[in-house]
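Engineer: If you scroll down you'll find the structure; I have some questions about it.
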Amino acid sequence: MAAGILAIKRDPGGVLIATALAALILGTLAAVAWQARGLSGLGIWDWRAVRFTVWQAVLSAALSAILAIPVARALARRRFPGKAALVTLLGAPFILPVIVAIMGLISVFGRNGAINDGLRLLGLPEMSIYGWQGVILAHVFFNLPLSVRLILQGWQAIPAERFRLAESLAFTPADIARHLERPMLRSVLPGVWLAVFLVCLTSFTVALALGGGPSATTVELAIYQAFRFDFDLGRAAMLGLVQIGLSLAAMTLARWITIPAAFGAGLHETQGPRGPQGWRRGTDMLAILLASSFLLWPILSVTASGLPRIPMLPADVWAAATRSAVMAVSSALLALLLCLTLALAIARGNAHWIEMAGMLPIVASPLVLGTGLFILLRGWLSTDAMALPVTVAINAIMALPFGLRALIPAAQALRDDYGRLADSLEMRGLARLRHLTLPRLARPLGFAGGLAAALAMGDLGVITLFATDQPTLPLKLYQLMNSYRMADASACAVLLMVISFALFWLFDRGGRLA
Amino acid sequence: MKIRMIAAALLAATPAFAQDKPVLTVYAGDYIASEWGPGPKIEKGFEAFCDCDLEFVTGDILPRILMEGEGTDADIVFGLNTDVTARARTSGLFAPHGQDISDLSLPVEWSDEIFLPYNWGETAFVYDETRLENPPASFDELLNAPDDLKIVIQDPRASISGLALLLWVKSVYGDDTPEAWAKLAPKVLTVTKGWSESYGMFTDGEADMVLSYTTSPAYHIEAEGDTTKHAAIFPEGHYFMAELAAQVKSTDQPELAQEFMDWILTPEFQRTIPLANWSMPAKLPREEWPEVMRDLPRPEKTLFYNEDEAEALRKPALDEWLRAFSQ
């Protein structure tokens with residue numbers, strides 16, 4: 001207890017934000033349950049949904065993390081022209097709005113897609129993207145980039161001196177793997193797995209579009225149904241609780257298997273190790289090539305079909321695009337502020353519950369969160385007045401876990417490597433922030449901000465609940481589809497994608513240059 | 001040029017400066033108020049004579065209004081569907097529309113005093129004749145078609161058209177519904193959250209048929225000059241769907257709300273429906289329909305459950321559907 005109080009004294013910001021987050025997420029859930037006057041029991045279909053959700057999330061997360069290892073290693077130890085651009089590009093699917101990603105995947109892997117055209121030409125049986133395999137494929141497509149990025153950061157966090165030392169000791173690739181790479185993976189992978197697991201836990205649109213049918217139902221769909229069709233808030237709250245319970249279990253599991261790697265301080269150097277030559281060069285290039293085509297082909301395919309019509313899009317779409325972009329940037333700035341405070345508090349070794357609180361939003365159903373806020377704020381604010389600010393805030397909160405995954409390791413390393421030095425120099429407050437924290441954390445901060453902006457840009461969930469006369473770009477996209485204007489909708493999808501990427505790139509680039 | 005367009009769009013997006021005109025707040029489904037839906041025409045048409053400011057607020061209207069209860073800002077709710085009005089009605093939030101509904105142009109009897117239909121259509125499977133040369137001529141033929149005929153449908157737990165399919169199959173097959181689903185299931189390529197995702201897959205050529213409406217081909221004919229898309233007309237009959245408007249009892253603009261309700265069945269309003277909402281007008285002599293709507297093939301039999309039947313059937317029918325598709 002005494003330690004707790006001390007921690008609060010030293011770090012009011014982190015504790016405050018974490019408390020507020022937990023209160024918000026659990027509070028909105030409570031508000032929904034309260035409005036429903038209690039929780040409802042779950043039916044047999046709900047439990048099936050829970051089972052499918054966990055199963056596909058475990059599998060998607062494992063596949064994404066495992067497939068990411070060779071790609072991240074290849075990117076870490078090979079140098080080639082355009083590598084930086086490729087690393088940025090490979091991140092694209094993660095920030096792709098779901099609806100656009102589905103369009104892209106279908107255009108490549110669908111019945112009418114290029115792959116099946118090829119298979120037919122060769123007289124081979126066709127593959128189907130519809131069914132659980134489609135859900136997994138889409139989830140790997142979405143999360144492989146995140147996994148590669150996080151693992152790549154792990155590789156880059158190994159001080160270059162270590163690799164040079166290994167070289168001078170004539171380490172073989174196997175020795176390097178044993179002494180440097182495996183400890184790093186051991187510390188990074190559980191976090192990666194957890195992040196992807198949690199993303200897949202709340203997946204909804206993907207499972208519905210590619211799942212093939214009700215056997216691929218996720219909990220988030222059950223929540224949607226409870227809200228929208230049955231108006232059974234009690235069941236929605238119960239399912240929201242189940243979702244949070246699942247994630248807490250997963251977080252505990254991941255904590256338990258994480259063993260932090262300790263490499264000590266190194267000079268800040270971005271030149272990675274030089275990879276072994278010979279056949280390993282070939283496999284590295286193959287890994288990069290395969291990953292690139294898997295991740296970029298669907299995006300290029302969508303772009304090719306929608307791009308030419310962009311100039312023909314009606315003026316309304318541009319207004320929505322501007323509105324969405326402004327909201328996305330606001331969300332990102334808010335997310336960065338929250339994220340940095342939390343990450344620094346976590347790095348200072350404050351209670352694990354702060355990290356838990358920071359990861360909570362990833363599994364908080366946006367529907368529950370939005371509805372809860374709606375119930376709590378009604379009577380204080382008009383719904384129209386709160387629609388946009390609440391959407392901005394919820395998007396910022398939803399992006400926190402991703403930002404934290406990128407920031408926490410960097411903040412911890414910063415603390416371990418420079419903390420004592422900075423303390424002994426009595427470097428505190430703004431000076432420390434300006435001269436040590438921000439420059440050293442610029443990269444993950446830029447990355448986190450970019451993610452937050454892009455995710456907010458593509459979000460559709462919350463705003464529809466609040467009902468507004470100021471539609472966002474994803475909403476416009478649906479309006480176009482609903483009015484049969486499928487060609488315009490695909491142009492709108494490309495516009496949405498371009499803006500998402502541009503925002504990500506601006507933040508990420510800013511972080512690298514800083 | 002582009003910059004001027006963006007600037008104009010931005011200006012248009014900022015709410016008009018507060019005028020002293022009273023505001024009529026209309027909660028409407030997402031697409032209605034988009035510039036491609038009937039919303040802008042409805043807004044312009046009404047504001048031309050009401051001396052008021054009509055404001056569309058779009059989103060998930062039923063959950064929102066149920067959550068807001070009597071404290072709602074809405075004066076009118078626009079776009080509810082026939083299959084979900086039972087719950088809306090029990091909320092007691094709505095007032096009678098007060099219209100003469102004795103001669104509506106609907107294929108079903110309508111005597112509802114609260115919910116006023118402004119358009120209607122029927123569910124149908126739509127296909128492209130260039131890709132599907134021998135479309136099934138009946139529901140039975142569809143069920144017995146080879147399994148490589150692929151259709152996309154919508155999830156009845158998340159979409160109104162998906163729910164309509166449940167009721168359609170139920171009204172055609174009755175107690176044999178589980179067998180019907182078992183035959184249909186292998187032909188279902190995938191189930192999407194909403195109509196728009198399904199229709200997108202169909203136009204992209206992923207599926208041979210899509211669950212949509214008998215009126216869908218009208219869009220392709222009128223807006224794209226494309227006459228290859230058709231609704232397969234089944235002799236077993238097609239399920240009726242209408243969109244409804246109702247005034248909110250607790251409105252602070254009762255006269256305006258009534259004025260709006262009075263306007264819905266006027267020819268002026270009804271004439272905007274076919275080519276903006278791509279559905280049939282609720283009260284307009286057939287001679288006044290646009291040619292494209294008049295020329296559409298119409299089913300001989302219209303199937304329909306009233307809201308109580310629909311509400312009672314929803315859960316058991318959903319269970320049957322879930323069971324058949326989880327095999």
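Engineer: If the reach is capped at under 12 angstrom between alpha carbons, list the aspartates and glutamates near B:Lys150, excluding any in the same chain fewer than eight residues apart.
Structural biologist: Straight-distance partners of B:Lys150: B:Glu206, B:Asp208.
Engineer: Further question on the same structure: Per-residue ellipticity at 222 nm for chain A, helices alone: DSSP H runs ≥ 4 residues times -39500 (n - 2.57), over residue total, nearest 500 deg cm²/dmol?
Structural biologist: That comes out to -25500 deg cm²/dmol.
Engineer: Let me ask something additional. Note the full-extension length gain between A:Ala487 and A:Arg182 as 0.36 nm times their separation in residues minus their Cα-Cα distance, in nm to one decimal.
Structural biologist: Full extension of this stretch gives 105.0 nm more.
Engineer: Springs between alpha-carbon pairs under 10 angstrom, Gaussian network model over chain B: which of B:Thr272, B:Thr72, B:Thr85 fluctuates most?
Structural biologist: B:Thr72
Engineer: On a 0 to 90° scale, report how tilted helix B:2-13 is relative to the longest principal axis of chain B, with both axes built from alpha carbons and the result rounded to the nearest 10.
Structural biologist: 70
Engineer: With +1 on each Lys and Arg Cβ and -1 on each Asp and Glu Cβ, how big is the dipole of region B:181-292 about its Cα centre, in debye rounded to the nearest 20?
Structural biologist: 520
Engineer: Based on the Cα atoms of region B:133-179, what semi-axes does the equivalent ellipsoid have, where each is the square root of 5 times one gyration tensor eigenvalue, given in whole Å with the largest first?
Structural biologist: After diagonalising the Cα gyration tensor, the semi-axes are 20, 15, 9 Å.
Engineer: Let me ask another. Which residues of region B:173-191 bury at least 30 Å² of accessible area once all protein chains are present, versus their chain alone (1.4 Å probe)?
Structural biologist: Correct list: B:Leu189, B:Thr190, B:Val191.
Engineer: Just the ratio, please: alpha-carbon radius of gyration of region A:125-255 over 2.2 N^0.38 Å, N its number of residues.
Structural biologist: 1.45
Engineer: Could you compute the FRET efficiency for B:Leu66 and A:Leu421, with r as their C-beta to C-beta distance and R0 at 51 Å, rounded to 0.05?
Structural biologist: Once rounded, the FRET efficiency stands at 0.30.
Engineer: In whole Å, largest first, what are the principal axis extents of the Cα atoms in region A:30-73?
Structural biologist: Per principal axis, max minus min of the Cα coordinates gives 53, 24, 6 Å.
Engineer: Follow-up. Given a cut-off of 30 Å, what percent of all Cα-Cα pairs of chain B lie beyond it?
Structural biologist: 37
Engineer: So, one more: Looking at A:Ser301, B:Thr177, A:Leu144, which one has the Cα that reaches farthest to the positive end of the dipole of the protein assembly as shown (charges on Cβ: Lys, Arg +1; Asp, Glu -1)?
Structural biologist: Farthest towards the positive pole: A:Leu144.
Engineer: Just to be sure I understand: of the beta bridges DSSP finds with both ends in the protein assembly as shown, what percent are antiparallel, rounded to 5?
Structural biologist: Bridges in the protein assembly as shown that DSSP calls antiparallel: roughly 60 percent.
Engineer: If you take the charge dipole of the protein assembly as shown about its Cα centre, with +1 on Lys and Arg Cβ and -1 on Asp and Glu Cβ, which of A:Gly234, A:Gln156, B:Thr192 is farthest toward its positive end?
Structural biologist: Among A:Gly234, A:Gln156, B:Thr192, the one farthest towards the positive end of the dipole of the protein assembly as shown is A:Gln156.
Engineer: Same structure again: Using the 4.7 Å Cβ rule, please list in number order the cysteines from the protein assembly as shown without any candidate partner.
Structural biologist: Cys with no partner Cβ under 4.7 Å: A:Cys200, A:Cys339, A:Cys492.
Engineer: So, one more: Rounded to the nearest 500, what is chain B's calculated 222 nm mean residue ellipticity when only DSSP H runs of at least 4 contribute -39500 (n - 2.57) each, over all residues?
Structural biologist: Here the helix-only value at 222 nm equals -11500 deg cm²/dmol.
Engineer: Just the C-alpha atoms of region A:367-459: what Rg/Rh do they give, with Rh taken as the Kirkwood radius?
Structural biologist: 1.16
Engineer: Using Cα-only point scatterers and the Debye equation, what is log10 of I(q)/I(0) for region A:138-199 at each q in 0.23 Å⁻¹, rounded to two decimals?
Structural biologist: -0.90
Engineer: To continue, here is another question. Rg and Dmax in Å for chain A, alpha carbons only: what are they?
Structural biologist: 22.9, 72
Engineer: When the distances between all Cα atoms of region A:47-99 are binned every 5 Å from zero, what whole-number percent does each bin get?
Structural biologist: Result returned by the calculation: 4, 15, 16, 20, 18, 12, 8, 5, 3, 1, 0.
Engineer: Right, another one. Cross-link candidates for B:Lys21: which lysines have Cα within less than 16 Å, leaving aside residues fewer than 8 places away along the same chain?
Structural biologist: By straight Cα distance, B:Lys21 reaches B:Lys44.
Engineer: Now for a different question. So how compact is region A:10-154: Cα radius of gyration and Dmax in angstrom?
Structural biologist: Gyration radius and largest Cα-Cα distance of region A:10-154: 21.1, 68 Å.
Engineer: For region A:188-257, treating each Cα as an identical point scatterer without solvent, what Debye log10 I(q)/I(0) comes out at q = 0.13, 0.17, 0.18, 0.28 1/Å?
Structural biologist: For the requested q values the scattering log ratios are -0.44, -0.69, -0.75, -1.15.
Engineer: Taking each pair of different alpha-carbon atoms in region A:88-172 once, compute 1/r for the pair, average those values, and report the inverse of that mean as the Kirkwood hydrodynamic radius in Å to one decimal.
Structural biologist: In region A:88-172 this quantity evaluates to 15.7 Å.
Engineer: While we're looking at this one, here's another question. Enter the buried accessible area of the A/B pair, total of both sides, probe 1.4 Å, in Å² rounded to the nearest 100.
Structural biologist: Using a 1.4 Å probe on protein heavy atoms, the buried area is about 5700 Å².
Engineer: Where q = 0.12, 0.13 Å⁻¹, what log10 of I(q)/I(0) comes from the Debye formula for region A:305-397, counting one point per Cα?
Structural biologist: -0.57, -0.65
Engineer: Label region B:183-277 by shape, choosing from rounded, prolate and oblate, from the square roots a ≥ b ≥ c of the eigenvalues of the Cα gyration tensor; if a/c is under 1.5 it is rounded, and otherwise prolate applies when a/b is larger than b/c, oblate when it is not.
Structural biologist: In terms of gyration-tensor shape, prolate.
Engineer: How many percent of Cα pairs in region A:418-514 exceed 21 Å?
Structural biologist: Looking at region A:418-514, the distances longer than 21 Å represent 53 percent of pairs.
Engineer: Where a ≥ b ≥ c are the square roots of the eigenvalues of the C-alpha gyration tensor, would you call region B:208-327 rounded, which needs a/c under 1.5, or, failing that, prolate if a/b is larger than b/c, or oblate?
Structural biologist: oblate
Engineer: At 27 angstrom or more along the helix axis (alpha-carbon based) and mean Kyte-Doolittle of 1.6 or higher, what helices does chain A contain? Whole DSSP H runs only.
Structural biologist: A:12-35, A:315-347
Engineer: Describe numerically, in nm with one decimal, the distance between label points set 7 Å from Cα along Cα→Cβ at B:Glu255 and at A:Ala385.
Structural biologist: 2.8
Engineer: Hey, another quick one. Kindly express, to the nearest 10 degrees and within the range 0 to 90, the angle between helix B:254-264's C-alpha long axis and the longest C-alpha principal axis of chain B.
Structural biologist: With both axes taken from Cα atoms, the answer is about 40 degrees.
Engineer: Then there is this: Counting only other residues whose beta carbon sits under 13 Å from that of A:Gln56, what net charge do I get with K and R as +1, D and E as -1?
Structural biologist: Combined, the nearby Lys, Arg, Asp and Glu give +1.
Engineer: Starting from 0 in steps of 10 Å, tell me what percent of the Cα-Cα pairs of region B:195-237 lands in each bin.
Structural biologist: 27, 57, 16, 0
Engineer: Provide the per residue accessible area, probe 1.4 Å, for the protein assembly as shown, rounded to a whole number of square angstrom.
Structural biologist: Spelled out: the 1.4 Å probe surface of the protein assembly as shown, per residue, equals 40 Å².
The values are calculated or read from the model by the stated rules, or taken from the named source; none is laboratory data. What you are looking at is a predicted structure, and each value in this text was computed from that prediction instead of being measured. Using ideal geometry, Cβ is built from the backbone for each residue, glycine included, and neighbour counts are taken over all protein chains shown. For the accessible areas, the whole protein counts, side chains as well, though only heavy atoms, and no ligand, DNA or RNA atoms are used. Shrake-Rupley method; radii C 1.70, N 1.55, O 1.52, S 1.80 Å.
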